[in-house]
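Here the structure is laid out as structure tokens; the discussion comes afterwards.
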Amino acid sequence: MARMRKRRKTDSQRVRIGKVSVYFHHGGWYGYYRESGRPIRTRLSDLKIEALTVAAEIDRSLAQFGRSPHTTQSISIEDLRREFLDDHEQIRHSSLKTLSRYRAATQYVANFAASRRSVKVSEFPAEDFVRYLRQVQVSPNGHPNTSKRPLRDRGLQYILEVTRSLFEYARRRQYLPAHLPNPLSRLRLDQYRVEDRKPVYCFDAESELSFLQAAGRAEFPIFCMLAKTGLRPGEAIHLLIEDLDLSQGWVSIRN
């Protein structure tokens with residue numbers, strides 16, 4: 001009789017959220033669900049409300065990806081890079097220049113992985129990757145006969161920023177364990193010192209006036225608009241006639 005009462009009490013503490021069954025066991029709340037036909041039982045939390053929240057996340061992930069957010073898939077660096085670039089090209093519709101920059105930046109990650117026997121996505125050695133980039137020699141203009149030099153600090157920082165985005169994509173696709181941080185997050189890229197920045201020459205008022213006076217009839221409106229509005233050359237190229245409001249003096253940047 002006592003055993004039957006205990007069973008009823010346990011059943012009353014069982015809650016079902018979608019495909020996940022949440023129940024109290026040994027002082028904590030556990031979850032039960034099936035993933036790829038395999039039964040999985042895991043401890044969710046000591047508190048019921050937290051366990052229900054985690055169970056809802058698991059159920060949503062099972063519905064979208066067919067696996068829980070705590071399950072990671074094995075993938076190579078090269079395949080991850082290919083998916084990342086394909087996502088920007090086919091899903092996000094990033095510009096061709098953005099794709100070109102991302103492809104060039106992530107090529108360093110692929111080369112680094114190829115230089116080692118085995119580099120797992122979940123165990124990517126961020127510090128070793130920085131040391132690798134410090135030793136890379138590149139051609140400034142991409143020509144094979146140009147004398148090579150080390151990466152500039154700003155270029156190295158950009159490669160690391162793109163690599164961080166690459167591993168954030170891996171997290172969204174559940175290629176990284178949920179309990180592990182982005183391997184690039186601990187580098188604090190915003191605090192990197194840029195010591196070899198290329199010098200920037202800016203016109204003073206007299207030089208700007210002389211430059212605009214020397215511009216031809218077709219060149220003057222373009223250079224004047226770039227100088228006075230801060231437009232990027234790529235934005236100016238994609239301007240259409242309907243983007244100009246001559247009566248009010250406004251230019252709309254749409255692309």
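The values are calculated or read from the model by the stated rules, or taken from the named source; none is laboratory data. Here the structure is a predicted model, which means the values were calculated and not measured. Don't worry about glycine lacking a Cβ; one is built from the backbone with ideal geometry, like all the others, and counts go over all protein chains shown. Side chains included, ligands, DNA and RNA excluded: accessible areas come from the protein's heavy atoms. Shrake-Rupley method; radii C 1.70, N 1.55, O 1.52, S 1.80 Å.
With contacts taken as Cα pairs under 8 Å and at least 6 residues apart, the range 145-255 reaches a relative contact order of 18 percent.
In terms of accessible area, using a 1.4 Å probe and ignoring ligands and nucleic acids, ILE241, ILE40, ILE159 rank largest first as ILE241, ILE40, ILE159. The candidate values were [x] -0.47, -1.15; [y] -0.25, -1.15; [z] -0.28, -1.18; the one computed from these coordinates for log10 I(q)/I(0) by the Debye sum over Cα atoms at q = 0.07, 0.15 Å⁻¹ carries the label [x].
What is the distance in Å between the Cα centres of the range 206-242 and the range 127-149? So the separation of the two Cα centres works out to 34 Å.
Counted over the range 122-255 with a bin width of 10 Å, the fraction of Cα pairs per bin, in whole percents, is 9, 23, 21, 25, 16, 5, 0. Among LEU160, LEU47, LEU239, the residue with the largest mean-square fluctuation in a Gaussian network model of the chain, with springs joining Cα atoms closer than 10 Å, is LEU239.
Label-to-label distance for ILE40 and ILE91 is 2.0 nm, based on points extended 7 Å past Cα in the beta-carbon direction.
Could you give the angle, 0 to 90 degrees to the nearest 10, between helix 77-86's Cα long axis and the longest principal axis of the Cα atoms of the chain? Helix 77-86 and the main axis of the chain meet at about 70 degrees. For the range 188-255, the Kirkwood radius over C-alpha pairs fed into Stokes-Einstein at 4 °C and 1.567 mPa s yields D = 87 µm² per second.
Helix 126-135 and the longest principal axis of the Cα set of the chain meet at an angle near 20°.
Relative contact order for the chain: what percent, with Cα pairs under 8 Å and sequence separation of 6 or more? After rounding, I find 11 percent.
Estimated at 0.36 nm per residue, the fully extended path between SER74 and VAL130 surpasses their Cα-Cα distance by 17.8 nm.
Of the residues PHE129, PHE211, PHE167, the one that moves most in a GNM of the chain with alpha-carbon contacts below 10 Å is PHE211.
Amide H contacts of SER45: TRP29, each under 5 Å away and 5 or more positions distant or on a separate chain (H built 1.01 Å from N in the peptide plane; Pro and chain starts excluded). The gain in end-to-end length when the ARG232 to SER21 segment is fully stretched comes to 70.4 nm, 0.36 nm per residue minus the alpha carbon separation.
Accessible surface computed residue by residue for the chain, with neighbouring protein chains in place and a 1.4 Å probe, gives 69 Å² per residue.
Add -39500 (n - 2.57) for each DSSP H run of 4 or more in the chain, then divide by its residues: what number comes out at 222 nm, to the nearest 500 deg cm²/dmol?
-14000 deg cm²/dmol
Couplings 3J(HN,Hα) of the range 137-151, computed from phi: 10, 10, 8, x, 9, x, 7, x, 8, 6, 4, 8, 9, x, 4 Hz, in residue order, whole Hz [Karplus 6.51 cos²θ - 1.76 cosθ + 1.60, θ = phi - 60°; x for Gly and Pro].
Taking 0.36 nm per residue of separation and subtracting the Cα-Cα distance, full extension of the segment from LEU244 to ALA56 would add 62.7 nm.
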